[in-house]
Amino acid sequence: QVQLVESGGGLVQAGGSLRLSCAAAGRIGSINAMGWYRQAPGKQRELVAVISRVGSTNYADSVKGRFTISRDSAKNTANLQMNSLKPDDTGVYYCNADIREKTTYIFRNYWGQGTQVTVSS
């Protein structure tokens, strides 16, 4: 059984920083893209940042220049460094990844349980 476990959320004042971490656990064969999504109250879940297996990145326009996604393929982890946080960044942040288990040839999409980020003004 594969699972994604997030950590690092919390409460921070506007202008502050937080670092989110995501660890993939289980019988991991390989991981393609890893990403972070967020969902604010009353809004749809949206992509924040994604990083490919080879390290190519893509960001939502609203976080460009403030957030940085990275990954450690050897440890099956992905991080999201969030700087200059704004109240609009408030929401539940979810880790997402395309993972192939050791016993299969098929990649499946997995979600973490989410971690709350609250930015106060």
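The values are calculated or read from the model by the stated rules, or taken from the named source; none is laboratory data. On a predicted model such as this, the values are computed, not experimentally measured, just so you know. Cβ sites come from the backbone with ideal geometry, for glycine too, and all protein chains shown count toward neighbours. Please note that ligands, DNA and RNA were not included when accessible areas were found on the heavy atoms of the full protein model with its side chains. Shrake-Rupley method; radii C 1.70, N 1.55, O 1.52, S 1.80 Å.
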| Among the candidates 49, 25, residue that is among the small types (Gly, Ala, Ser) and touching a Phe, Trp or Tyr at 6+ places or on another chain (Cβ under 9 Å) | 49
| Matching residues in the stretch 2-28 - criterion: being within 26 Å of residue 65 (Cβ to Cβ) and open to solvent by less than 50 Å² (accessible area, probe 1.4 Å) | 6, 8, 9, 10, 12, 16, 18, 20, 21, 22
| Which of the residues that make up the stretch 43-102 are open to solvent by 50 Å² or more (accessible area, probe 1.4 Å), in contact (Cβ under 8 Å) with a residue 12 or more places away in the chain and hydrophobic (A, V, I, L, M, F, W, C)? | 47
| request: Within the stretch 103-113, work out how many residues are outside any loop (DSSP other than H, G, I, E, B) and either at pLDDT below 95 or open to solvent by 50 Å² or more (accessible area, probe 1.4 Å) (or both). | output: 4
| query | Pick from 51, 31, 69: which is among the β-branched types (Val, Ile, Thr), farther than 29 Å from residue 120 by Cβ and modelled with pLDDT of 95 or more? | reply | 31
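When the residues of the stretch 29-41 are narrowed to those that are open to solvent by less than 20 Å² (accessible area, probe 1.4 Å) and hydrophobic (A, V, I, L, M, F, W, C), which ends up farthest from residue 94 (Cα to Cα)?
Only one residue tops the list, namely 31.
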